[in-house]
Structures are given as C-alpha cells and as structure tokens.
Amino acid sequence: MHLISKKMKLLNRSAMSTAVLLAIYGGPVGMAQAQQNQDAQASSDANASSEGNISKVIVTARRRAELIQDVPGAVTALSAAELEKQAIPDITALTEKVPSTTLKASRGTNTTLTAYIRGIGQQDPVAGYEQGVGIYLDDVYLARPQGALTDIYDLERIEVLRGPQGTLYGRNTIGGAVKYVTRKLASKPTADVKATIGNYGQKDLVVKGSIPVSDILRLGATVGSFNRDGFGRNVVNGRENYDKDVLAGRISAELTPTSDFFVRFTADKTVDKSEPKQGYRLTPGPAPANIAPLGDVYDTRANLYAVNGHEQKVTTEGASLLLEYTIDPTLSVKSITAHRKSKSFAPIDFDSLEAPLWEAPSIYSDRQTSQEFQLTYTGSRWQGVAGVFYMKTNAFNEFDVLYNAAGGLSLLTRDDIDTETWAVFADASYSLTDTFNITLGGRYTSDERKAAIFKATYLGLAGSPNLGNPAAVIFGAPNTNLGKDQLSRTDKKFTPKIGFGWKLAPEHNLYSTFSKGFKGGMFDPRMDLVASGGPNTPASLVKREGVAPEEVSTTELGLKSAMNGGRLQTNAAVFYTDYKNVQIPGSIPTFAADGSVNGFAGTLTNAGKAKIKGLELEAIAYLTNQLSVNAMYSYIDAEYKEWLVANGAGLANIAPSTEFQNTPRNAANIGVSYDWPFAVAGRNGSLSLTNSVSYKSKVYQTEIARATGVAALDATVPGNLALAQGGFALWDAGLVWTSSDRKIQVGLHGRNLTDKRYKVAGYNFSGFFNSVTAFYGDPRTVRATVNVKF
C-alpha cells in the first residue's frame, strides 16, 4: 500500500483505489472504522462520553487513553452497552461487523479461537504453532488459542486493531490484535442479574456484584452459566452435537491507597464441559458400505467421545496484578504481572463415522507467566509510552491418530515447546503544529524456542502408553525423537513504525503509517524424520532447523471524519502488505514399501512471498435522534506470489494454484436502529428495534484450490473445494426495551433469521478413508433476555 511509491501504481489500476479517492475527496460515504454506540447509556460507561445520543469512544489501542477518532490506525471498538443491546454472545459475532476480520471456533472445538485479520492468522491449535492475531485480556497476552473464545459477560468494551501491532504489542500480532477490556468496579454497591432463554433449550444466567469495603478497597465478582442443547445429535448413540455447557467466573479487588496509586488484582476461570463438536461428513463412507452423508449438517455418526477415560473438557484459568502510579500530571508508570494456564481433553473424530477409522484422542495443556512495565508521558506536544516485556511459556500436546488399517495403528505425536521472549519498546508522537503530528516507534524482540518432539507408531487401535494403553507395543523405531537440546532456535527482530496525522480540517483527520511485524520461527510439531529418509539426511537436517519467522511490512493511508456535530462519522483506509516467509502447516500421507498408506507426516513450510492489499470503509449516521444507520465494507486482494515445494528432483512454484484461507474478498454489513419512547406498566423507558444484514463472499478453508502438478497436493483439491463456502448473507434483528433509569432491560433477539447453513471450518483427510468433514455456523437462534440492575 505504498501510496507514495511504486506500489501506488498497483492500487491506482484497481477499482479499490478509485473508490477510496472518491470517498476521500468526493464526500463521505459509508466508511467508519469505529462502530460507535448511540445509546445515551454510554455516558455512564467508563469508555464513552456522549452529547445526547452521539458518543465519543475512548480506547487504549496505543496503550494510552485517547479518542478512537484520534488514533492513527484502523481500530473498531464496541462498548458493553452495544454488545448487550445486540445480544452478541461471543467475539465470533464481530466477524459480521468488523472489516477484514474472521473470528471463529476452531474446527472440532467449542472454545478454541481461530482469528484472521487482513488475511493473516493461524487455524491449527497444535503446540508449536503461533497465532498471527494477538488476543489480549486487559493487556495480558493469551499465548494459546485454547479457551480464548469465551462468552461475553463482564466487559467494558472490545477493541479490534487491524494491521501489524508489533511496536506496542509485540510478536504474533502481524495481522492485528483483539482486546477484551473488563470493567472497573463502581464506587457504590452494585448488583446485576441477566437471564437468557432461547430455542435449542438455551438457558444462561450471569450474576455480577461489587461492593466498596472501605474508601480505598472495592471487591467484585461475576459468575456466568451458559447452557444449550445441541443443534444436532449423534444418530448412532443419541448424544448432543453443537451443545454448550460452560461455567465461568471472575473475581477482582481494587485498591486505591492514594489518589495517585491504583492496584487491581483479578482472577478468572472457565470450564467447558460441552460435548465434543463432531463434524458433518461431506463424502460417502469407504467401500464396501459406502455410507451416505446424513441429511442434517449438525448431525453426526462419530464414535470418539473420550480421551484416556476423560470426557471432552477445557479448563482455562489465570490471574493478573496491575499497579498504576501517577508520578505527576504528565508522567505515570504501570506494571502488569500475569500467570495463565489451561488443559484440554479433546476427542477429535476425523472420519465422523461409527467405526473407529481415523480419529485423534488429544490432550493439550499450556502455561504462561508474563511481566510488563510501561512508562507513559502525556505533554502538550509529546505523548508516548515506553516499556519492557518478558514472557515464559510452555505448550504441550499429546495425541494419537488411530488408523484402522494394516491391522490397526496408533500414530503418536507428543510436543513439548518452551518459549522465552523479552522485548523493549517505545512509541511516541510529537505535534509539530496544532494540526500536524508525527509518530515514531520501535520494538526489539528476542524470541527463544526449544522443542521436544516425539513421533512413533504403536500396534493396534487401543492407543499409545499415555493415552489409554500402557502395554502398547511400538512398531519399529520412533519416527522422530528429538529433545530440547536438539531443537532450539532464537529469533531477534527490530520492528519499527513511522507515521503522521494531519487534521486537515476540524472534522477530518488524515493519517498514514508504515509498520513492520513478525511471528516467531518454529519447528514442525508433526515432524517425521523417517518420512524424510532418516534422522540425519539433508532433508531431515533442514526440518530440524525449523522455519523462519513470518515478516510483514504494511503501509496504510486513512481518513477519519466526524461531521455535522458528529451526526455523521466516516472512516476509510487503504493498505498494502508485503508478507514474507508465510508459515503453512499441513499433513500428507506416508507410504509403506508396498505402496499402502501407513501414516502421515507434517509439512510445515515457509510459503515464500505474498502480497495483500485492501480497502476498509465504515460509517454511522444519526439521521434523527431516534434513527441511526451504520455500514461496513471491506475488500481484500490477497495473493501468494511464490510458494516453492519439492516436486521430483526439483522445485515447483504452486502459488498460482493457491488461495488465502479464511479471507473473503468482499465483506459488508448494514444495520438500522430505531428508538422511541415507550412506557411499560407506568414505567418510562425506550424501545429499540435493530436490524442488520451481513455478507461475505467465498471463503476457502485451505490454501490449495487448483491443480499444482504435485501429485500429493493435487489429491487434496476436491476435498478442499468441498470445504470452501460460497458467498452468503446473514440477517439479525432485535427488539429491546430499556427503562429510563437503565436498571431494567428486556430484549428479544434473533440471529441468522433465514436459517442459512454455512461452513466455517473443516478437515480434509481424503487420503484416509475418503474423510472430508465440515463444521457449520449456528442455525437460526431466538432468545429472550432480562437484565436487572440493583
């Protein structure tokens, strides 16, 4: 997106560039990157202030509080009031509202998050793979995706930052970042009860409370129970499929010994005991039965429901300690200390059939400890933040792939990955004039990774020694047996940022930024050295080095506007990303001497080069004090330019045969909200009717979309195309009554009202019993909510 370099020629030849120039210079049309909350309730929220029903949203995208319209970058923020008004259940619903963003449950899971922003992300949750989008809970980085997808129940707002965030947020934020920001405790006693009932037996209950113990100490707690029957069932054993059984809680304590010193301790825990989410088989079963696919996409025939005697369960918990001290009105320091951990028992049935053909009982666990110090300065001309960051993590998984061939085999993979990373960073802006400022920033990161990888084959389908069969007999030598002294690498990177902001008129802010980011190098957690000819062959030695870090360089140009006293807010951005060393994970069959399939091997590679350019438009218009319209549109042109793979004795560039996964070329949303006074039983209040329609064009779940000339890859194309989801639209609506004192809110909400079936993820193991299974977004849901504040 180098609009001041030769890259501009590429955009100028596209309709995208024409649209942006018309938008910027021809007048504002539907383009705002901040989904502002029009509720007058925002005046009481910590993150918003409002005049009438026009709000000004305050965010901490740059690690300091400022108006979202003043942030020189693409940021979307949704307040708690807006989230509650629209009954957004979790952050996956933001996919419909935020440009260039895909947030979804990972395949075969309920609470593991797959996140993509501007074409960059990671969908494989196996230990060793790193995210491309950073997830934060009150500025604490969540190192693993397991448990990162939680119900929204105790938030002040959610912020979505698009584009590389390497300067302030560090490694693994090359696509962007998503921030959960929780509420601070009130100065008076509070109590809040919210109940929800809906179709599919939905029954949710959230209870919150806080109390000031003294003038300097406040305590608070929240408990949430989220329950729902399945959207489908197992037609063989009758068990629920796509159900929900989640219990979550959070406690906090806030201490203010002086007006300059603030201390906050929080602890949270979530336990997900939902049934395993089993996929829908798109292909007939293997011969001779050739079992036909089921009629309902939420139904299954899967047989795997436990891991070594443990039913599906995901436990996530953590604690953090925040210390903030104001040295003087311009200078403050902050310390953030955190520890988190999780453990998952995940029965994954790849073939989704009654017979145990191709399935993976899996155990995941992780733990992390982090410490960050920040120094923030806010002067008349200078504003900025500097700090240091340290984190130590461990990610572990152990899974068998049970393969019902050759008499039955249990293919064990065990990964034990340590990461130790530290960084120093600074980001500052200087106002050269009252209307023009420049921003400079940089971060130096050291990222050390050590891995122990064990991969072996055991006889029979009873599993390996730690996964159900202590007497398991190993078949031959281990395929891979490498310790942390053999797999170790350190990557060091400096990621700069430079930009400017120009208030070209009182209602228009123009900005441009150039920023870099990186995602750490790694080792293939499914590394199979036997498949590479042995542990010390040239091919194996290359695998043992791991893959290089991903690197991005992004240029962005944007215009943020607020006209007619804020009644029309419009923002636009164009961006160009140079994406190098793209890390692409995968699996391919391995073969015995007689040509039969005897297992699988990992295929982690650096894809080479890719280019991503795009356009993001958002707007909100307050047409009257009662009627508002908001809209969003995003366009992404993401293309691999080079992807070299082995083909016989040489290399083949398969880039022309590939697509970016989880990245629709076009996405749009339009919503209308109408409020009017409405009294109920003599109690004054207002009634709000909301309607929104969202659209996404075709989405690929995997990269290989056309013939490559490489036999092993070409065999996957039919399954990959079967998993792709064509363009589709979703319609949501709601009717909400709120009392004038804001103490009672009653709502009726419908999502996916046309009951559209659409694929969101899947497994393509067509080489193993012709297994291609898909996972689908929620069907039509209707729910009623009652929220009472005391």
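The values are calculated or read from the model by the stated rules, or taken from the named source; none is laboratory data. Just so we're clear, the structure is a prediction, and the values are computed from it rather than from any experiment. Here the Cβ positions follow ideal geometry from the backbone for every residue, glycine too, while neighbour counts run over all protein chains shown. Calculation scope for accessible area: heavy atoms of the full protein, side chains included, ligands and nucleic acids excluded. Shrake-Rupley method; radii C 1.70, N 1.55, O 1.52, S 1.80 Å.
Quick check, is Asn536 of a type in the set (S, T, N, Q), within 21 Å of Gly408 (Cβ to Cβ) and part of a loop (DSSP other than H, G, I, E, B)?
no
List the residue pairs whose Cβ atoms are under 8 Å apart, where the first residue sits in region 158-181 and is free of Cβ contacts under 8 Å to residues at least 40 places away in the same chain, the second is part of a strand (DSSP E or B) and open to solvent by 10 Å² or more (accessible area, probe 1.4 Å), and the two are 6 or more positions apart or on different chains.
Close Cβ pairs satisfying both conditions: Tyr169/Tyr141.
Looking at Glu448, is it farther than 30 Å from Phe600 by Cβ and under 34 Å from the mean Cα position of the chain (by Cα)?
no
For (1) among the hydrophobic types (A, V, I, L, M, F, W, C); (2) part of a strand (DSSP E or B); (3) out of contact with any Lys or Arg (no Cβ under 7 Å at 6 or more places or on another chain), each residue gets a yes or a no:
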position	(1), (2), (3)
Ala562	yes, yes, yes
Gly595	no, no, yes
Lys611	no, yes, no
Asn625	no, no, yes
Ile636	yes, yes, no
Lys641	no, yes, no
Val645	yes, yes, yes
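Among the residues of region 122-155, what is the count of those that are over 22 Å from Ile584 (Cα atoms), open to solvent by 20 Å² or more (accessible area, probe 1.4 Å) and either part of a strand (DSSP E or B) or among the basic types (Lys, Arg) (or both)?
The qualifying residues number 2.
Given (1) in contact with a Phe, Trp or Tyr (Cβ under 7 Å, 6 or more places away or on another chain); (2) free of Cβ contacts under 8 Å to residues at least 24 places away in the same chain, where does Leu753 come up short, assuming only one miss?
(2)
When you go through (1) surrounded by fewer than 17 Cβ atoms within 10 Å (Cβ to Cβ); (2) not in a loop (DSSP other than H, G, I, E, B) one by one for Arg742, which number turns out not to apply?
Every condition holds for Arg742 apart from (2).
With the requirement that a residue be of a type in the set (Asp, Glu) and crowded, with 21+ Cβ neighbours inside 10 Å, what does region 520-561 give you?
Answer for region 520-561, where residues must be of a type in the set (Asp, Glu) and crowded, with 21+ Cβ neighbours inside 10 Å: Asp524, Asp528, Glu550, Glu556.
Would you mind stating whether Arg171 is within 16 Å of the chain's Cα centre (by Cα) and either more than 19 Å from Ala267 (Cβ to Cβ) or not aromatic (Phe, Trp, Tyr) (or both)?
So Arg171 fits the description; yes.
Out of Thr315, Thr326, Thr300, which single residue is hydroxyl-bearing (Ser, Thr, Tyr), out of contact with any Pro (no Cβ under 7 Å at 6 or more places or on another chain) and either under 22 Å from Arg183 (Cα atoms) or open to solvent by 40 Å² or more (accessible area, probe 1.4 Å) (or both)?
One residue alone meets the criteria, Thr326.
Among the residues in region 747-758, are any open to solvent by 60 Å² or more (accessible area, probe 1.4 Å), farther than 30 Å from Ile348 by Cβ and modelled with pLDDT of 95 or more?
Yes - at least one qualifying residue is present in region 747-758.
Quick grid of which residues meet (1) farther than 29 Å from Val760 by Cβ; (2) surrounded by 15 or more Cβ atoms within 10 Å (Cβ to Cβ); (3) among the basic types (Lys, Arg):
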| site | (1), (2), (3) |
| --- | --- |
| Gly209 | yes, yes, no |
| Ala221 | yes, yes, no |
| Gly224 | no, yes, no |
| Asn227 | no, yes, no |
| Asn237 | no, no, no |
| Asp243 | no, yes, no |
| Val246 | no, yes, no |
| Gly249 | no, yes, no |
| Glu254 | yes, yes, no |
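For Thr702, state whether it is under 27 Å from Ile117 (Cα atoms), touching a helix residue (DSSP H, G or I) at 6+ places or on another chain (Cβ under 6 Å), open to solvent by 20 Å² or more (accessible area, probe 1.4 Å) and touching a residue at least 24 places away in the same chain (Cβ under 8 Å).
Taking the combined requirement at face value, the residue satisfies it.
Taking interchain pairs and intrachain pairs at least six residues apart, which have beta carbon atoms under 7 angstrom, with the first residue in region 94-115 and more than 17 Å from Gly163 (Cα to Cα) and open to solvent by 20 Å² or more (accessible area, probe 1.4 Å) and the second outside any helix (DSSP H, G or I) and among the aromatic types (Phe, Trp, Tyr)?
Listed by first residue and then by second, the contacts come to Arg107/Tyr763; Arg107/Phe775.
Considering region 268-297 alone, what residues qualify as being touching a residue at least 40 places away in the same chain (Cβ under 8 Å), open to solvent by 50 Å² or more (accessible area, probe 1.4 Å) and in a loop (DSSP other than H, G, I, E, B)?
Correct list: Lys273, Pro284, Ile291, Asp296.
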